[in-house]
């Protein structure tokens with residue numbers, strides 16, 4: 001059974017029960033009040049009749065100038081009074097003990113022997129009995145020393161008839177009201193729960209893959225809150241799906257690029273090796289040429305495998321963190337990279353801010369990974385530069401952070417290229433990078449190392465003017481939470 005059906009049936013049942021009970025209670029109260037009023041009026045009439053009989057006997061005794069009337073005279077006068085009420089609608093009866101003396105329009109006491117017994121004991125009693133319904137009242141009656149009992153019968157069947165009519169009316173009106181209430185409740189429930197239908201439809205649409213589906217926050221406060229929560233959920237799902245799709249695409253691109261990068265040198269090596277094995281009249285010049293190509297391609301494979309290993313290790317390595325003095329580390333880096341620059345006919349310039357050197361500022365890092373980071377950034381700068389160009393490594397303090405920058409004045413990059421430059425195997429100029437021995441893994445490795453150290457990698461580049469890569473490290477002892485940190489990369493033009 002659906003929710004709206006349950007709400008409708010339960011609400012209708014409660015409404016019908018409340019209306020019916022209320023109507024029956026009111027009707028019963030009115031009936032009881034009517035009975036009590038009729039009973040009171042019946043007692044007054046009974047007393048009036050009893051008083052009339054007593055007065056009649058007293059009057060006849062005075063008129064006959066007797067001290068006491070005889071019993072037969074008393075009975076005669078009683079019968080006379082009873083006869084006078086004939087046609088009044090009220091029944092009368094006079095008993096002497098259990099023997100009826102006279103009666104008019106009723107013999108009810110004979111139907112209620114308990115009443116005769118109670119009145120005989122000196123009590124004034126009433127009872128409702130018979131069909132049609134009547135109130136019978138009995139009381140002792142002393143006349144001229146004789147003990148009698150007076151009974152009056154009053155018809156109250158009209159009250160019972162009215163009560164029955166009211167109950168029938170309540171049943172009919174309850175049925176009619178039930179139909180009307182059912183229609184109104186059904187309309188109200190459907191209208192109130194309509195936002196829930198829209199939410200369910202949106203959730204079903206999201207479940208079918210329409211992750212951009214949203215629900216308008218309409219209806220009551222509860223439904224509006226539910227709609228907003230569903231929208232938050234849908235947004236989170238959409239974002240997660242986009243992230244997973246992007247990750248899947250990147251992995252596919254990674255695998256494709258990896259296969260391509262491996263295939264090219266392996267093809268060259270296999271082909272040239274087959275030529276050297278099969279060709280009998282191979283000259284010395286050809287042998288040297290083929291051997292050089294095989295050696296270069298093998299170096300490319302070695303470089304590729306080494307970079308992949310570094311990237312994998314950087315993402316899962318347990319860091320051996322220690323405080324590294326920045327100035328001393330860069331002096332050692334300059335000494336290690338100067339021969340490389342000289343071999344490529346380029347200039348390497350290292351600048352350390354005086355404050356950094358004087359205060360011997362340190363960063364907490366893994367020395368091997370930090371060296372790999374600087375070497376890769378510098379190697380990329382060398383590859384992007386031409387002979388005679390200068391590559392600069394600089395270090396300066398900015399508040400509680402240490403900025404390491406590597407700047408070249410080489411070919412630079414477009415804004416579109418900056419968005420993908422840290423993806424594995426992505427190369428701006430593939431022919432130039434391969435010629436320089438690159439595999440497109442350097443910046444991906446640098447980004448991962450920066451993330452491992454809570455640093456931020458920023459790349460700013462202008463086509464034809466060069467590129468600056470900034471690594472933003474927290475100083476040793478600085479509260480990382482209070483500084484600008486992050487593992488992402490911001491690429492500014």
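Just so it is clear, none of the values below were taken in a lab; they were calculated from the coordinates. Since the structure is predicted, the reported quantities are computational estimates derived from the model, not experimental observations. All Cβ positions, even for glycine, are placed from backbone atoms using ideal geometry, and neighbour counts span all protein chains on display.
Arranged by the count of other C-beta atoms within 10 angstrom, fewest first, what order do 173, 346, 413 take? Let's see the in-between values first.
Numbers: 173 13, 346 19, 413 23.
Lowest count first: 173, 346, 413.
For segment 46-172, what percent of Cα pairs sit more than 18 Å apart? Present the calculation step by step, with values, prior to reporting the outcome.
Details: 4418 of 8001 pairs.
I get 55 percent for the Cα pairs in segment 46-172 exceeding 18 Å.
Arrange the peptides 371-380, 14-23 so that the one whose residues have, on average, the most other Cβ atoms within 10 Å appears first.
Details: 371-380: 21.5, 14-23: 13.4.
Descending packing order for the listed peptides: 371-380, 14-23.
Using the Cα atoms as the points, what is the convex hull volume per residue of segment 1-103 in Å³? Spell out each step's value before the answer.
Values: hull volume 14.7 nm³, N = 103.
Dividing the Cα hull volume of segment 1-103 by its residues yields 143 Å³.
Determine, from the Cβ-Cβ distance of residue 400 and residue 349 and an R0 of 25 Å, the FRET efficiency 1/(1 + (r/R0)^6), rounded to the nearest 0.05.
Details: r = 27 Å, r/R0 = 1.06.
Rounded to the nearest 0.05, the efficiency is 0.40.
Can you sort 225, 407, 124 so the residue with the fewest Cβ neighbours within 10 Å comes first?
Values: 225 12, 407 20, 124 15.
The order, fewest Cβ neighbours first, is 225, 124, 407.
Between residue 48 and residue 64, 0.36 nm times their residue separation minus their Cα-Cα distance comes to what? Intermediate results must be reported in sequence, preceding the final value.
Values: separation 16, 0.36 × 16 = 5.76 nm, distance 2.41 nm.
Once the chain is fully extended between residue 48 and residue 64, it gains 3.3 nm.
Could the peptides 447-454, 84-91 be put in order, highest first, of the mean number of other beta-carbon atoms found within 10 Å of their residues? If you can, show how the numbers build up before the last one.
Numbers: 447-454: 21.8, 84-91: 13.8.
Final packing ranking: 447-454, 84-91.
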